[in-house]
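One structure is given here, and the rest of the page talks about it.
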Amino acid sequence: MFQTGYLTISQKTTVGEQLIYQLKYPNEEVRRAFSSSLLQEYANLVPSSATQIGLELQRALVKLDWDTFFAAINRTLAAVPYEIFPRQEIFVHSLVHIMLLSTGFRTQSQVQTSLGRMDTLVETPTHSIILEYKISGTVEEALKQIETARYASGISRPIVKLGVRFDLEQKQISSWAVG
């Protein structure tokens, strides 16, 4: 990807006799195109659908419109063919991460804190959104985990806390709650 221009060198470091390169996207357009391509592959979507999902999620996040947000995620999960949808939390978490990257908002997964690790943090222009996922637990347990582990401490922007329950058999988010 570096040789084709999709990544550029942002930093060079020498460790002993080895030269280590840190790479980055050259601009926002390339980063979003790459995220959209990943979403197309993971969710088995046509290019225009992947772009549309990113825009729909972006608008829903800005408006804090959770009905639209989770409906778009569930439509995308439903589009993944049965044969390539492993019934594992890591797959759904990865696919949601890629969907969120396609919004253009800063998205981080498995964010380490002093008391735990939040599943996903999304930063919109106005809010920080913490998502905690459960497979066998409840959305109430997810919200309690956000509070107990103090995931929001150190975040200075307005915060939205979302507890999300995945139903792996139905391939969908079965419930969610805002805390």
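The values are calculated or read from the model by the stated rules, or taken from the named source; none is laboratory data. Just so it is clear, the structure is predicted and the values come from calculations on it, not from any experiment. All Cβ positions, even for glycine, are placed from backbone atoms using ideal geometry, and neighbour counts span all protein chains on display. Accessible surface areas use protein heavy atoms only, side chains included; no ligands, DNA or RNA. Shrake-Rupley method; radii C 1.70, N 1.55, O 1.52, S 1.80 Å.
Remarks
- For the chain, the fraction of alpha-carbon pairs in successive 10 Å shells from zero, as %: 9, 34, 34, 18, 5, 0
- For the chain, modelled as a GNM whose springs connect Cα atoms under 10 angstrom apart, the maximal fluctuation among G16, G163, G137 occurs at G16.
- Dividing the mean sequence gap of close Cα pairs (under 8 Å, 6+ apart) by how many residues region 28-179 holds gives a relative contact order of 19 percent.
- In the context of the full set of protein chains, residues of region 70-139 present 41 Å² of accessible surface per residue (probe radius 1.4 Å, heavy atoms only).
- Whole-percent carbon and sulfur share, accessible surface of region 79-148, 1.4 Å: 54 percent
- For region 5-67, with +1 on Lys and Arg beta carbons and -1 on Asp and Glu, the positive-most of L61, T13, S37 along the dipole: T13
- Cα-Cα separations in region 19-120 greater than 21 Å, expressed as whole percent: 39 percent
- Summed residue charge, Cβ within 12 Å of F105's Cβ, Lys/Arg positive, Asp/Glu negative: +2
- For region 49-102 versus region 1-22, the gap between their alpha-carbon centres in whole angstrom: 32 Å
- V178 - accessible surface, heavy atoms, 1.4 Å probe, Å² rounded to 10: 80 Å²
- Region 102-179: proportion of alpha-carbon pairs further apart than 16 angstrom, %: 49 percent
- Note on the chain: with charges restricted to the Cβ of Lys and Arg (+1) and Asp and Glu (-1), its dipole about the Cα centre is near 360 debye.
- In region 1-110, GluC sites (Glu not before Pro) in a DSSP loop with at most 11 other beta-carbon atoms within 10 Å: E17
- Per-residue SASA remark: D67, around 110 Å² accessible (1.4 Å probe; ligands, DNA and RNA not included).
- Extreme residue, positive dipole direction of region 130-179, given options T148, F166, I135 (C-beta unit charges): T148
- Rounded to the nearest 10 square angstrom, R75 shows an accessible area of 130 square angstrom against a 1.4 Å probe.
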